Amino acid sequence: QVQVVESGGGLVQAGSSLRLSCAASERTFSSLYMGWFRQAPGKEREFVAAISRSGVMTYYTDSVKGRFTISRDNAKNTVYLQMSSLKLEDSAVYYCAADLSRFATGEWQGNYWGQGTQVTVSS
């Protein structure tokens, strides 16, 4: 069982930056793909970003490309999501997911989830 805990959410103004962190309990953290998803009110949860075991490969949904950066520190069992140029539509609960898989359809799915951290972007 992998436990993940997100932190770093908050209320920020449009155009600003915020960094989310996700700490995982798994000792084999470096063997897991990690990622971030988000869910806005009234919407389904959507994929945001994923990162390979070594951190060499990263994947993003189109709406955050060029603005968000996912990274990881395997020595600290932590994955980060650096968010820049935040927009109102980025407001959501952000979830960290561990042990991601990608289906043939291109959809990402995680096996272990955190409780989420709220990000609110104001005008």
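The values are calculated or read from the model by the stated rules, or taken from the named source; none is laboratory data. Since this is a predicted model, take the numbers as computed values, not measurements. Quick reminder, even Gly has a Cβ in these numbers, built from the backbone with ideal geometry, and neighbours come from all protein chains shown. Keep in mind that these areas ignore ligands, DNA and RNA; they rest on the heavy atoms of the full protein, side chains included. Shrake-Rupley method; radii C 1.70, N 1.55, O 1.52, S 1.80 Å.
Being touching a residue at least 60 places away in the same chain (Cβ under 8 Å) and under 18 Å from SER31 (Cβ atoms) is true of ASP99. Counting only residues that are under 18 Å from GLN3 (Cα atoms) and among the aliphatic types (A, V, I, L, M), the stretch 45-80 holds 4 of them. Checked against (1) open to solvent by 70 Å² or more (accessible area, probe 1.4 Å); (2) over 11 Å from VAL79 (Cα atoms); (3) in contact with a helix residue (DSSP H, G or I) (Cβ under 7 Å, 6 or more places away or on another chain), ARG53 meets all criteria but (2). The set of residues in the stretch 77-118 that are charged (D, E, K, R), under 16 Å from SER16 (Cα atoms) and open to solvent by 50 Å² or more (accessible area, probe 1.4 Å) comprises LYS87, GLU89.
Residues in the stretch 1-30 that are over 21 Å from PHE68 (Cα atoms), open to solvent by less than 60 Å² (accessible area, probe 1.4 Å) and of a type in the set (Val, Ile, Thr): VAL2 only. Look at VAL121 and say whether it is in contact with a helix residue (DSSP H, G or I) (Cβ under 6 Å, 6 or more places away or on another chain), within 23 Å of GLN13 (Cβ to Cβ) and surrounded by 15 or more Cβ atoms within 10 Å (Cβ to Cβ). Considered against the rule, which asks whether it is in contact with a helix residue (DSSP H, G or I) (Cβ under 6 Å, 6 or more places away or on another chain), within 23 Å of GLN13 (Cβ to Cβ) and surrounded by 15 or more Cβ atoms within 10 Å (Cβ to Cβ), VAL121 comes out as yes.
Which residues, taken from the stretch 61-71, are surrounded by fewer than 21 Cβ atoms within 10 Å (Cβ to Cβ) and either modelled with pLDDT under 95 or assigned to a strand (DSSP E or B) (or both)? Those that are surrounded by fewer than 21 Cβ atoms within 10 Å (Cβ to Cβ) and either modelled with pLDDT under 95 or assigned to a strand (DSSP E or B) (or both): THR69, SER71.
Within the stretch 72-117, the residues that satisfy the criterion of being small (Gly, Ala, Ser), in a loop (DSSP other than H, G, I, E, B) and closer than 14 Å to MET34 by Cα are GLY110, GLY114.
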